[in-house]
Amino acid sequence: MTAPQRIVIENCAIATVDAEETEYATGHVVIADQHIEAVGPGPAPADLPGVTRRVDGTGHLATPGLVNTHHHFYQWLTRGLAQDANLFDWLTALYPVWARIDEPMVHAAAQASLAMMARGGVTTAADHHYVFPRGAGDLLGAEIRAARETGLRFTATRGSMDLGESDGGLPPDFAVESTEEALRATEQAVREHHDPAPGSMLRVAVAPCSPFSVTTELMRESAALARRLGVRLHTHGSETVEEADFCRRRFGMGPTAYFESVGWLGEDVWMAHCVHMEDEDVAAFARTRTGVAHCPSSNARLAAGIARVPDLLAAGVPVGLGVDGTASNEAGELHTELRNALLVARLGPHREHALTARQALRLGTRGGAEVLGRDGEIGSLTPGRLADLVLWRIDGLGHSTIADPVAALVLGPPAPVALSLVNGVPVVEDGRLLTVDEDTVARAARTQARRLAEAAPA
Ligand SMILES: [Zn+2]
């Protein structure tokens, strides 16, 4: 055993987001190798051995790193299209373009998506990839490579679609795989990439796309596969009224009853959106501890509606935040979703009591960790957890007059990231990525977006 190397951050405000919601107006965090060793008020002890770096956090707020629970990285190449469409019209417009993606495109899009989120304080990302054109190369491998390059902790989900238009689904037949093909490739992805170890930088989950693009057989078999392999399950659910109508017509029941009927409620499942939920659906999620990835900007962009986040939280449902794909949330940032989650929730029936700034921060950190099955490892600044941490600058023009640091972060303009650590390793410093060159990533993404636009049908 070699002696631990320590990083000390002190003189900053701290929102630990631990079970007691402990905060310090001025405090310190000690990181030993990849773990948080100590968090407390005042400066750190002066005589700690092995300190390689001492950061003066005056004018800053330290929080757990943000956790993004739902995204589609490949959509970075198709932003700003179908601008005034609801989900089904938007999907119908975009499927033919997405069916032309290949490995270099997905790699460039994943790098850009990850870089954009990292620069805004995300330390753990999840991606839902469900478009696998024949002969397109190793698309999941390209995302995993990009996550390693950018230095973020990653949950890759192997998505799938097998219900084409001719069988009553929404996607065109050329955009779907066969049921067998999807299951085989999903199992292979888990066996090849999933690292179940504590502190893992890479997990894999099983993620058929949605009730209107996946057969009942694939839903059932995916759940059985994931449980056999010991990995988590992810999908889209209860996103729009059109989806609820589809479920009633095709299955004779609403989306939540359908998910329950195919074995898709459980503490090993997290679902994106969950906007159109009846009281009994909320109760079923709470009873089964099924998680929710709340995506407020995407829900607004596609006119999906306002998710019942206050009711989900009151019932005890684990809720995290998601950017969603950047074709329906062109900003692609998560720190701004803290604010959007709060604002959108207050437009709903609970009005000013819908969500507090601290609840919004919890959704983006600890809530996300729960939803990804990593509570206890990440999501709060607690000794023993992994050193995924963000130091936000809140003494600049945008924030200096907001005395409450958490209100500054959540209600104020996007706060600059002075430092972010993933597994104790600096990934962002003074708002710039240390791991990849932003301008190179931006150029590559533009090149690949042009390739895709040229390949797409007019
Ligand atoms: Zn999505």
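Overview of values
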read-out	value
Selected residue (criterion: surrounded by the fewest Cβ atoms within 10 Å (Cβ to Cβ)) from residues of region 310-331 that are away from the ligand (no atom under 16 Å from the Cβ) and not in a loop (DSSP other than H, G, I, E, B)	A314
Flag for A307 being within 16 Å of the ligand (Cβ to nearest atom), part of a loop (DSSP other than H, G, I, E, B), of a type in the set (A, V, I, L, M, F, W, C) and modelled with pLDDT of 95 or more	yes
Test: V282 is β-branched (V, I, T), more than 16 Å from the ligand (Cβ to nearest atom) and either under 20 Å from the mean Cα position of the chain (by Cα) or assigned by TED's automatic domain parsing to the domain that holds A205 (or both)	yes
Any chance V29 is more than 26 Å from E370 (Cβ to Cβ) and either assigned by TED's automatic domain parsing to the domain that holds G159 or out of contact with any Lys or Arg (no Cβ under 8 Å at 6 or more places or on another chain) (or both)	no
Scope region 360-380; condition closer than 18 Å to S420 by Cβ and among the basic types (K, R); matching residues	R366, R374
Qualifying residue in region 435-452 (condition: closer than 20 Å to G57 by Cβ, in contact with a strand residue (DSSP E or B) (Cβ under 7 Å, 6 or more places away or on another chain) and at pLDDT 95 or above)	no
Candidates R203, R220, R250 - the one that is touching a residue at least 60 places away in the same chain (Cβ under 8 Å), farther than 30 Å from N423 by Cα and not aliphatic (A, V, I, L, M)	R250
Single condition G348 does not satisfy, out of (1) of a type in the set (G, A, S); (2) surrounded by fewer than 21 Cβ atoms within 10 Å (Cβ to Cβ); (3) within 16 Å of the ligand (Cβ to nearest atom)	(3)
Selection within region 117-128 - in a helix (DSSP H, G or I) and either crowded, with 24+ Cβ neighbours inside 10 Å or without any contact (Cβ under 8 Å) to a residue 40 or more places away in the chain (or both)	M117, A118
Test: residue in region 291-301 that is within 20 Å of F154 (Cα to Cα), buried (at least 20 other Cβ atoms within 10 Å of the Cβ), of a type in the set (A, V, I, L, M) and within 16 Å of the ligand (Cβ to nearest atom)	yes
Residue in region 42-50 that is closer than 22 Å to R393 by Cα, crowded, with 21+ Cβ neighbours inside 10 Å, out of contact with any Pro (no Cβ under 9 Å at 6 or more places or on another chain) and touching a residue at least 12 places away in the same chain (Cβ under 8 Å) present	yes
Qualifying positions in region 108-131 - within 16 Å of the ligand (Cβ to nearest atom) and over 29 Å from R366 (Cβ atoms)	V131
In region 165-183, the residues that are within 21 Å of C247 (Cβ to Cβ), touching a strand residue (DSSP E or B) at 6+ places or on another chain (Cβ under 9 Å) and assigned to a helix (DSSP H, G or I)	T179, A182
Qualifying position, being within 23 Å of R443 (Cβ to Cβ), surrounded by fewer than 24 Cβ atoms within 10 Å (Cβ to Cβ) and in the same structural domain as V269 (by TED's automatic domain parsing), among W90, W98	W98
Within region 200-241, considering residues that are within 18 Å of the chain's Cα centre (by Cα) and more than 16 Å from V262 (Cα to Cα), the one nearest to the ligand (Cβ to nearest atom)	E239
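The values are calculated or read from the model by the stated rules, or taken from the named source; none is laboratory data. From a predicted model like this one, the values you see are computed outputs, not experimental measurements. Glycine also receives a Cβ, built like all others from the backbone with ideal geometry; neighbour counts cover every protein chain displayed.
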